[in-house]
Amino acid sequence: MQEIEMRICGLMMDPITNMPIVVLKDLANETVLPIWIGVYEANAIALEIEKASTPRPMTHDLVRNILHTFQAELRRIVVTELRDDTFFAVLWVEREGKLFGIDSRPSDALALALRMDCGIWVTDNVIQSSKVSPTLKERTSSEDLRRWLENLGEEDLGQYKM
């Protein structure tokens, strides 16, 4: 199974379902992967994208602090699977020379990756099998959505309002 390095290029609201979408793009800007996430997870990602500080540590800040305290490094996150319209991810954490794979929701993994400045990877089978949500599919084809996402400018992706 091959993995493709990607980056978060922005957050936006799905115009049909009004749910947040985190948009990943590969480093060559050829592949777009939208992942529908929850509002709270989107807020955690948006806070870090905007480098906003909070008076107390949020959950993902807490996890980062725990990893640092125990001298563990988040080496990479990998979105590994898409099963029954649900994405799965793994946190790859290294401590004392041992590598541990920890199951995670992609939204949490992405929020942590931003905080710890580590690589974001997606398996090629996730990209090949990704499809639009059933609600969106009724109004637009998968290819139309992908084309629309690929043509979004940075100004469209950077302004996520809660």
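Restricting attention to region 76-99, the residues being in contact (Cβ under 8 Å) with a residue 40 or more places away in the chain and not in a strand (DSSP E or B) number 1.
Please determine whether any residue of region 105-122 is assigned to a strand (DSSP E or B), over 13 Å from the mean Cα position of the chain (by Cα) and on the phi < 0 side of the Ramachandran plot. No; the residues of region 105-122 include none that is assigned to a strand (DSSP E or B), over 13 Å from the mean Cα position of the chain (by Cα) and on the phi < 0 side of the Ramachandran plot. Any residue that is closer than 15 Å to Asn125 by Cα and of a type in the set (Lys, Arg) - is there at least one of those in region 92-107? Within region 92-107, not a single residue is closer than 15 Å to Asn125 by Cα and of a type in the set (Lys, Arg).
Quick note: the coordinates plus some simple rules give every number you see, no bench work behind them. Values in this document were obtained by computation on a predicted structure and should not be read as measured data. Every residue, glycine among them, receives a Cβ derived from its backbone with ideal geometry; neighbour counts consider all protein chains shown.
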